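Rule-based calculations on the coordinates, nothing more; no lab input. Owing to the predicted nature of the structure, the values given are computational and were not obtained by experimental measurement. No Cβ is skipped: glycine too gets one built from the backbone with ideal geometry, and neighbour counts run over all protein chains shown.
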Amino acid sequence: MTYATVQEVPTAVVEGLAAGTLAPYLGPAMLSLCEGALPPADPLALAAVLTAKVSVPGKIKNRLTAAAQFIENFKHRKTLVKGMDEAYAAAPAPSALHRWIAALPAPVIVDCWYDDTLRQALAARSDWAEVQGLSQSEHFGTWIGWYDAQGAASPDPIAARTLYYKPWGGRGPASNYLVSDSDYVEVLTEIDIQTPIPAEVQQRRGALGFVFLGCRFNDQLPRAFARQIMKRSQGPHFAVMAEEPTRMEARFMEEQGITRIALPLAAVAAALTGCATAAA
């Protein structure tokens, strides 16, 4: 595969994030930068937490979406939501990178995991709003939920400097989760025509590139969402990935024109937050 790889943090990344022309796109590995007790930080760990409390067939025990679907089918959706709430009850203190990202003038911040860590960091501001993906099993016909900086729900889109977009939902402020097979089937049926993606995100991404932090593309779901969220965006795009990409990850990065930054996330975090300190 011929995707570009660099061994340092490009100046374009630092300047683009600081200027608001590059948007952070966060994944579950961002939790690795936090200290203390952490909630599940990958699908396998989350599946283990959910199935520790509800018995599921062994063949799906390690498959998050299938295990979640079994719990939903045989123990009710409320049991699944309760399990997710308990899994993400632990709220680690935001890392230096979380706080740095929260202070950026980003028109959009995408966060594809369920924890509230960045929400805590954003609480220092009032000029942001949150938009989350909604499960059709609970909100049939409504794809998107809006919340102001205090967590109050809004029936209408909220004008804000920064849109904090959680396409898979999250624990706060309203326990919205896309996690079961049926949750994702409903969204993926529509995502090609962009229905589940907020119109405000679609509008803002036209002038943005994305920087993927703590993300992997080694599963169909993160690839499908990233591809559709990036659609018609301006670029350029970068992904921090120290590990050698899988064949499918390499194909995806080549297809989407994503430059791989082949450094550990912690090293990139230190470089970005160090740049901010130096500038101050």
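Counting each DSSP H run of 4 or more residues in the chain as -39500 (n - 2.57), what helix-only mean residue ellipticity at 222 nm follows after dividing by all residues, to the nearest 500 deg cm²/dmol? Before the final figure, lay out each step's value.
Working: 11 runs with 110 residues, N = 280.
Roughly -11500 deg cm²/dmol at 222 nm, from the helical runs in the chain.
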Q.
Under 5 Å between amide hydrogens, which residues at least 5 positions from GLY169 or on another chain qualify, with H placed 1.01 Å from N in the peptide plane?
A. GLY133, LEU178
Q | Spin-label model distance (nm) - ALA45 vs VAL6, 7 Å beyond Cα toward Cβ | A | 2.9
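From the P(r) of the chain, could you give the percentage of C-alpha pairs in the tail past 30 Å?
Values: 9961 of 39060 pairs.
Within the chain, distances greater than 30 Å cover 26 percent of Cα pairs.
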Q | Cβ-placed point charges (K, R +1; D, E -1), dipole of the chain about Cα centre in debye, nearest 20 | A | 260
Q: In a Gaussian network model over the chain where Cα atoms closer than 10 Å are linked, find which of SER175, SER233, SER55 has the largest mean-square fluctuation.
A: SER55
Q. Counting only residues 5 or more places away or on other chains, whose amide H sits under 5 Å from the amide H of THR259 once H atoms are built in the peptide plane?
A. HIS237, PHE238, ALA239
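Stick to Cα atoms and the Kirkwood definition of Rh, then tell me Rg/Rh for the stretch 143-280. Working shown, then result.
Working: Rg = 16.5 Å, Rh = 16.8 Å.
Computed over Cα atoms, the ratio is 0.98.
Placing +1 at every Lys and Arg Cβ and -1 at every Asp and Glu Cβ, with all other atoms neutral, what dipole size does the stretch 62-220 have around its Cα centre, in debye to the nearest 20? Write out the running numbers ahead of the final one.
On the way: 14 positive and 18 negative charges, 80 e Å.
Magnitude of the dipole: close to 380 debye.
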Q.
I want to verify a result. In a Gaussian network model of the chain, Cα cutoff 10 Å, which of these has the top mean-square fluctuation: VAL14, VAL110, VAL179?
A. VAL14
